[in-house]
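Single-structure report; data block below.
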Amino acid sequence: MVAFVHRAHFIYDPLAHNLLDKVRANDYGAYIEPVAVDAWLAAPEAVLAGAGHVVIAAPLERIRQLLLQSSREGFSVGIVPIAGQQRMARALGLPDGVDAAIEFALRQDSYVMDLVLCNGQVILYRATFGWLPLLDEPEEVGPLRAVLRTLRKLQRIRLFPLKITTAGHPAIRTAASGGMLVT
């Protein structure tokens, strides 16, 4: 049997205002305290002080900010995707449809998710840096031309210093000319 949170804050962007009534009138017995995204941004720590669970429906940058705050303050987060966030929803394994997303966001059985930061910014599904041979070539360039262009660029390769830190392990210092991180 699925258990649901008893109380949650709902941070919503004006783009998601149409979800407010639907989230508040949920069928899961959760009391929802609505918080406009502007009110939360004005005083994030004060608005969510003592929060146990927060549901958000907002642009990606606001979701990143909330996840970072959650990692510092220890509350759980449920996400209800808004229009245009299908890629993020797939990457995070969120269900299709508003009703299913609300139900999933209000579940009590949350799971721990690794939070990946790059220069202090939360990475939700993919990040690239530096030069990625062949992947950086325009699509209209044929395979042979792409290889030739890559070989010419090899003499100008530049390394970027990296520091990789994981919870509970020592930092690794290395360098790379480029890379892609998929979470």
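Overview of values
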| quantity | calculated |
| --- | --- |
| Within-15-Å neighbourhood charge of VAL47 [Cβ basis; K, R +1; D, E -1] | -2 |
| Trypsin sites (Lys or Arg not before Pro) lying in DSSP loop within the stretch 107-183, provided at most 16 other Cβ fall within 10 Å | ARG158 |
| Contact order relative to length of the stretch 39-107, as percent, for alpha carbon pairs under 8 angstrom and 6 or more apart | 29 percent |
| CD proxy at 222 nm, helix term only [per DSSP H run n ≥ 4: -39500 (n - 2.57); per residue of the chain; nearest 500] | -8000 deg cm²/dmol |
| Estimated vicinal HN-Hα couplings, Hz - the stretch 159-172 in sequence order (Karplus 6.51, -1.76, 1.60; Gly, Pro = x) | 9, 10, x, 10, 10, 9, 10, 10, 4, x, 10, x, 5, 10 |
| Counting DSSP beta bridges with both ends in the chain, the antiparallel % (nearest 5) | 50 percent |
| Lys, Arg +1 and Asp, Glu -1 on Cβ, resulting dipole of the chain about Cα centre, debye, nearest 20 | 1080 debye |
| Probe 1.4 Å - accessible area at ASP27, Å² to nearest ten | 140 Å² |
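The values are calculated or read from the model by the stated rules, or taken from the named source; none is laboratory data. Everything quoted here is computed from the prediction, not taken from an experiment. Ideal geometry is used to build each Cβ from the backbone, glycine not excepted, and the neighbour counts take in all protein chains shown. Side chains included, ligands, DNA and RNA excluded: accessible areas come from the protein's heavy atoms. Shrake-Rupley method; radii C 1.70, N 1.55, O 1.52, S 1.80 Å.
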